[in-house]
1. Being surrounded by 21 or more Cβ atoms within 10 Å (Cβ to Cβ) and either free of Cβ contacts under 8 Å to residues at least 60 places away in the same chain or in contact with a strand residue (DSSP E or B) (Cβ under 7 Å, 6 or more places away or on another chain) (or both) is the filter here, so list the residues in the stretch 259-283 that pass it.
2. Among the residues in the stretch 112-122, are any in contact with a Lys or Arg (Cβ under 8 Å, 6 or more places away or on another chain) and within 25 Å of residue 171 (Cβ to Cβ)?
3. For residue 80, indicate whether it is under 28 Å from residue 266 (Cα atoms), among the polar types (S, T, N, Q) and loosely packed, with under 15 Cβ neighbours inside 10 Å.
4. Which fully enclosed helices (runs of 4 or more DSSP H) of the stretch 163-245 have 3 or more residues being of a type in the set (A, V, I, L, M, F, W, C) and either more than 30 Å from residue 277 (Cα to Cα) or touching a Cys at 6+ places or on another chain (Cβ under 8 Å) (or both)?
5. Filter the stretch 179-214 down to the residues that are buried (at least 24 other Cβ atoms within 10 Å of the Cβ) and among the basic types (Lys, Arg) and list them by number.
6. Just give me the residues in the stretch 114-166 being small (Gly, Ala, Ser), touching a strand residue (DSSP E or B) at 6+ places or on another chain (Cβ under 6 Å) and at negative phi, in sequence order.
7. Is the stretch 125-134 home to any residue that is closer than 23 Å to residue 259 by Cβ, over 18 Å from the mean Cα position of the chain (by Cα) and surrounded by fewer than 20 Cβ atoms within 10 Å (Cβ to Cβ)?
8. Collect the residues in the stretch 154-170 that are farther than 15 Å from residue 95 by Cα, buried (at least 20 other Cβ atoms within 10 Å of the Cβ) and hydroxyl-bearing (Ser, Thr, Tyr), keeping them in residue-number order.
Amino acid sequence: MTKAVLGIIGGSGVYDIELENARWEKVESPWGEPSDELRVGEIGGLPVVFLPRHGRGHRISPSGINYRANIDVLKRKGVTDLISVSACGSFREELSPGTFVIVDQFVDLTFAREKSFFGEGCVAHVTVDKPVSPLLADKAEAAAKAEGISHHRGGTYLTMEGPQFSTLAESHHYRAMGYDVIGMTNMPEAKLAREAEICYATVAMVTDYDSWHPDHGSVDIQAILKVMGENTANAKQLITRLAKDFPKEHEPCPIGSDRALEYAIITAPDARDPELLKKLDAVAGRVL
């Protein structure tokens, strides 16, 4: 069995998760600079690795995040299971500000980001029809229930490019399409985690109703920050409870998240680019 290592990518407002024996570690990546150093420690004896998605001080915009480097350094630190915690807007009346949504699907409308570790010299086609690892989502839901946190299981997270919020027409369009929440950061993060064979799940913290709600009007950054502050305390509770209850041995993913590269690489061994293979040492070393 593989030892479990829980990774946390904290989005807006979630930067200082309390860890035992905590230290900041700089991890180099062949894919460039990650958002920040990794905060490494333990919760209840479980190794935990935390990465502030936007960097400490929130200095990196959603489009400027080096998603490949972020996933790569987490893989290099042995992360087996990764929880993304991030703010989002809601398209559903019942998913009100303060609700945590444990999503199970994504729609990716981003266009200015590197979305794969693979490419010319080593081609891979990874299955992401079910982008969320169900056992990890189960654990996030159990932690929310145990801590009495308002939450909803299931839903589709639409990832927009940003950094601007939606126009009114866009917001009505996305709502009509049946999407549940909207954010700017979970893609290509989820796809890259799958390529790296890391189990992935998202806890999306609702801060607003995007632009569609007749009683709430435009997205107000001051109102968002207020709700975000309230969400932060709950996020820390959820993560702490999740880690304390987490198994010390990694449980094999029933949908194969942790074996996603098994048959995905289609470039013949003698045609693979040696330089790209060097960069893939952490992400795809198990199958290369």
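1. Scanning the stretch 259-283 gives 261, 280.
2. yes
3. So residue 80 fails the test.
4. Helices (runs of 4 or more DSSP H) meeting the threshold: 168-176, 221-245.
5. Hit for the stretch 179-214 is 194, nothing else.
6. Correct list: 124, 133, 137, 140, 144.
7. Yes, the conditions are met somewhere in the stretch 125-134.
8. Within the stretch 154-170, 159, 166 qualify.
Each reported figure results from applying straightforward, stated rules to the coordinates on display, with no laboratory input. Here the structure is a predicted model, which is why all the values come from computation and not from measurement. Note that we place each Cβ from the backbone using ideal geometry, even for glycine, and neighbour counts take in every protein chain shown.
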